[in-house]
Amino acid sequence: MSKTPYPLEPSPDEMHAMLSETAERLIEHIATLPEQPASYGGDGRAEARALAEGLPASGTDFHELLELILDRATPTSFNTAGPGYLAYIPGGGVFPAAVADLIANVVNRYVGVWVAAPALVQLELNVVRWFCEIVGYAEGSGGVLTSGGSLANLTAVVTARRERLPEAFWSGTMYTSDQTHHSVRKSAVLAGFPEANVREIPTNERQEIVVSDLRARIAEDRRAGHEPFLIVGSAGTTNTGAVDPLDELADLAEGEGLWLHVDGAYGGFFALTERGRAAMIGLSRADSITLDPHKGLFLPYGTGSLLVRDELALRRAHATFADYMPVMQHDPDFVDFCDLSPELSRDFRGLRAWLPIRLFGIDAFGDCLDEKLDLARWAADRLREVPGIEIVAEPRLSLVAFRLAPAGVSGADLDELNRDLLARINEKQNVYMTGTMVGGRFALRICVLSFRTHMDRMEQCLDDVRTSVEAR
Ligand SMILES: Cc1ncc(COP(=O)(O)O)c(C=O)c1O
């Protein structure tokens, strides 16, 4: 095989060999995903320790490294790309997104500033504008692609702070429900607020924020000299998939002059479906919205987004200047992403979204999300038929929470019994689920969001639940 004189620059032959071996292995990996265990049953600690290594002075054969990655390291994991992953909020990994990443990393163009790659920046801007269209935002809206929902929530909190509070912002208070994702609290702290300035408002029996309590807390805080500035609503909580009454939150935020952010990291892309839109009425009235394409659009991890109703708000919060930087765009048709985001250099994540959407069309994604809504509803109905099981949270979107509640068992014993049930189900390695606390009691969750989860896997899941309940 020919070689170049430069060790960091493989020859065309070497590149072909690397790519074809990788392609072969990856296609095989995808083909066997349904048979692969849904979780890892070995000693992850030992495997991880065995792979700790010193800084290598010289190189190793590619084949050997590929085997290490795919045969040793990858199987030591939750199979987040497989059809049995029903835990937390499942991710995605549609194949063309990986191809897009390969292209993006090979051309390695710089999309932080418009002038460096105007046409490629345009492709990413198209993605942002499609997302705005999906949530019902009008012209003048905009946004940025982030590494995930946490960074999107942080960007939203900072933007709201800069739009609604003075530079000395310590008396600013923000409001969210006690079911909100923990990244919201973390965002507040990273944005410079004392943690106590985050007011977690109680929720009702459907785990939705109680708006009358929220209103009362805002009034109480105003009387005490605080400066309420932000409400964060949820369009699909991680815990149980609850959707806050977004329209009511929008009315309240409008009346009080507060910024409304909606965390739709999990649920937001269900706006592509009729049922999702019906569940999230008021979404488009939010000042900003987090959507996680690496959840609801089935893209690989590392793809989040923050959308804002008024793109200029993002710009006011983030734009700055330096002598060595190029002139930024002020034409509303164009954008310098670094002016709207904390990031300057970053990956070309837009291509990872653009290619699959152009290739498949957005309807394919909407149809797949519709299937997830059906599967979650189906699972809830079948679970209800299992003696002793009670539904703790009906699916509002694609998440159902449940527990086994036999007569005469309560308190810590009931939690223990359900933790044990979860372990029995996961032990079979056909599906992987996680649990949470709902109303102070342990519950099991099934979150259906992988584009690879279909009815056959849900039937398997229900079989595993039934046999695990019976084997108790
Ligand atoms: C509702 C919600 N918000 C925010 C996040 C954080 O997103 P990420 O993990 O992409 O940072 C998650 C993650 O599961 C989530 O479910």
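The values are calculated or read from the model by the stated rules, or taken from the named source; none is laboratory data. Worth saying up front: this structure is predicted, and the values here are computed from it rather than measured. No Cβ is skipped: glycine too gets one built from the backbone with ideal geometry, and neighbour counts run over all protein chains shown. The protein model used for the area step is the full one, side chains on, heavy atoms only, and it has no ligands, DNA or RNA in it. Shrake-Rupley method; radii C 1.70, N 1.55, O 1.52, S 1.80 Å.
What fraction of the Cα pairs in the stretch 292-332, stated in percent, has a spacing above 13 angstrom? Mind showing how you got there, number by number?
Working: 558 of 820 pairs.
Value for the stretch 292-332: 68 percent of Cα pairs lie more than 13 Å apart.
Report the full-extension gain for the segment Val107 to Asp43: residue separation times 0.36 nm, less the Cα-Cα distance, to one decimal in nm.
Fully extending the segment from Val107 to Asp43 adds 19.1 nm.
Whenever you get a sec, line up Glu14, Glu390, Glu470, Glu9 from highest to lowest accessible area (probe 1.4 Å, protein heavy atoms).
Descending order: Glu470, Glu9, Glu390, Glu14.
Shape of the stretch 165-247 from its Cα gyration tensor (a ≥ b ≥ c, root eigenvalues): rounded if a/c is under 1.5, otherwise prolate when a/b > b/c, or oblate?
Numbers: a/c = 2.48, a/b = 1.45, b/c = 1.72.
It comes out oblate by the Cα gyration axes.
Pick out, in residue order, every one of the GluC sites (Glu not before Pro) in the stretch 76-140 that is DSSP loop and has at most 16 other C-beta atoms within 10 Å; say none if there are none. Could the numbers behind the result be given before it?
Working: sites: Glu124, Glu133, Glu139; in loops: Glu139.
Answer by residue number: Glu139.
Considering Cα pairs under 8 angstrom that are at least six residues apart, work out the relative contact order of the chain and quote it in whole percent. Let's see the in-between values first.
Values: 842 pairs, mean separation 99.1, N = 472.
It comes to 21 percent, rounded to a whole number.
Please say if the stretch 38-108 is rounded, prolate or oblate, where rounded means a/c under 1.5 for a ≥ b ≥ c the square roots of the C-alpha gyration tensor eigenvalues, and otherwise the choice is prolate for a/b larger than b/c and oblate otherwise?
Working: a/c = 2.52, a/b = 1.07, b/c = 2.34.
Taking the square roots of the gyration eigenvalues as a ≥ b ≥ c, the stretch 38-108 is oblate.
Can you give me the % of accessible surface on the stretch 326-410 that is carbon or sulfur? Probe 1.4 Å, all protein chains present, nothing else counted. Spell out each step's value before the answer.
Details: 1940 of 3600 Å².
Result for the stretch 326-410: 54 percent of the exposed heavy-atom area is carbon or sulfur.
Tell me the per residue accessible area of the chain using a 1.4 Å probe; a whole number in Å² is fine. Walk me through the intermediate numbers first.
Details: 21720 Å² over 472 residues.
Dividing the accessible area of the chain by its residue count gives 46 Å².
Report for the chain the percent antiparallel among DSSP-assigned beta bridges with both residues inside it, nearest 5.
Details: 24 of 43 bridges.
For the chain, the DSSP antiparallel bridge percentage is about 55.
Given Cα pairs under 8 Å that are at least 6 residues apart, what percent is the relative contact order of the stretch 169-236? Can you show the working numbers first?
Working: 87 pairs, mean separation 31.4, N = 68.
Computed value for the stretch 169-236: 46 percent relative contact order.
Enumerate the helices in the chain for which the Kyte-Doolittle hydropathy averages -0.5 or more and the C-alpha atoms extend at least 27 Å along the helix's axis, using complete DSSP H runs. Could the numbers behind the result be given before it?
Numbers: long enough: 12-31 (28 Å, -0.29); 362-384 (34 Å, -0.33).
Counting only whole DSSP H runs, the qualifying helices are 12-31, 362-384.
Return the FRET efficiency for the residue pair His330, Arg384: r is the Cβ-Cβ distance, R0 is 60 Å, and the value is rounded to the nearest 0.05. Could the numbers behind the result be given before it?
On the way: r = 58 Å, r/R0 = 0.96.
That pair, His330 with Arg384, gives E of 0.55.
If r is the Cβ-Cβ distance from Ser212 to Glu254 and R0 is 22 Å, what FRET efficiency results, to the nearest 0.05?
Values: r = 17 Å, r/R0 = 0.76.
That pair, Ser212 with Glu254, gives E of 0.85.
Could you tell me which chymotrypsin sites (Phe, Trp or Tyr not before Pro) in the stretch 266-328 are loop residues by DSSP with no more than 10 other beta carbons within 10 angstrom of their beta carbon?
Numbers: sites: Tyr266, Phe269, Phe270, Phe298, Tyr301, Phe321, Tyr324; in loops: Tyr266, Phe298, Tyr301, Phe321, Tyr324.
Filter output for the stretch 266-328: Phe321, Tyr324.
Efficiency by 1/(1 + (r/R0)^6): what FRET value for Thr320 and Leu51, r their Cβ-Cβ distance, R0 = 41 Å, to the nearest 0.05?
Working: r = 41 Å, r/R0 = 1.01.
Given R0 = 41 Å and the Cβ-Cβ separation, E is 0.50.
List residues of the stretch 349-385, by number, whose backbone nitrogen lies under 17 Å from a label position 7 Å along Cα→C-beta of Arg441.
Flagged as within label range: 384-385.
So the label point goes 7 Å from the Cα of Ser147 along Cα→C-beta, right? Which residues of the stretch 330-362 then have their backbone N under 20 Å from it?
Those under the cut-off are 337-353.
Kindly identify the chain as rounded, prolate or oblate by the Cα gyration tensor criterion: order the square roots of the eigenvalues as a ≥ b ≥ c, call it rounded if a/c is under 1.5, otherwise compare a/b with b/c, prolate if a/b is larger, else oblate.
On the way: a/c = 1.80, a/b = 1.03, b/c = 1.74.
Judged from the Cα gyration tensor, the chain comes out oblate (a/c at least 1.5, b/c at or above a/b).
Where the accessible area of the stretch 70-212 is counted over protein heavy atoms with a 1.4 Å probe, how much of it, in %, is carbon and sulfur? Please report the intermediate quantities before stating the final value.
On the way: 3380 of 5990 Å².
Here it works out to 56 percent.
If you place +1 on the Cβ of every Lys and Arg and -1 on the Cβ of every Asp and Glu, how big does the dipole about the Cα centre of the chain come out, in debye to the nearest 20?
Values: 44 positive and 67 negative charges, 146 e Å.
Roughly 700 debye, rounded to the nearest 20.
How much length is gained on full extension from Thr434 to Leu66, taking 0.36 nm per residue of separation minus their Cα-Cα distance? Kindly include the intermediate steps, with their values, before the conclusion.
On the way: separation 368, 0.36 × 368 = 132.48 nm, distance 3.07 nm.
That works out to 129.4 nm of additional length.
For the chain, what is the mean residue ellipticity at 222 nm derived from helices alone (per DSSP H run of n ≥ 4: -39500 (n - 2.57); sum divided by total residues; nearest 500 deg cm²/dmol)?
Working: 16 runs with 199 residues, N = 472.
Using -39500 (n - 2.57) per qualifying helix, the result is -13000 deg cm²/dmol.
Show me the trypsin sites (Lys or Arg not before Pro) within the stretch 1-99 that DSSP assigns to loop and that have at most 16 other Cβ atoms within 10 Å of their Cβ. Intermediate results must be reported in sequence, preceding the final value.
Working: sites: Lys3, Arg25, Arg45, Arg49, Arg72; in loops: Lys3.
Here the sparse-neighbourhood loop sites are Lys3.
Calculate the spin-label point distance for Thr32 paired with Ser171, positioning each point 7 Å from the Cα along the beta-carbon direction, and give it in nanometres.
In this crude spin-label approximation the distance works out to 6.5 nm.
Just want to confirm a number: the relative contact order over the stretch 98-206, from Cα pairs under 8 angstrom separated by 6+ residues, in percent. The partial results should precede the final answer.
Numbers: 76 pairs, mean separation 20.6, N = 109.
19 percent.
Is any residue of the stretch 318-338 close enough, with backbone N under 16 Å, to a label point placed 7 angstrom from the Cα of Val115 along the Cα-Cβ axis, and if so, which?
320-331, 334-338
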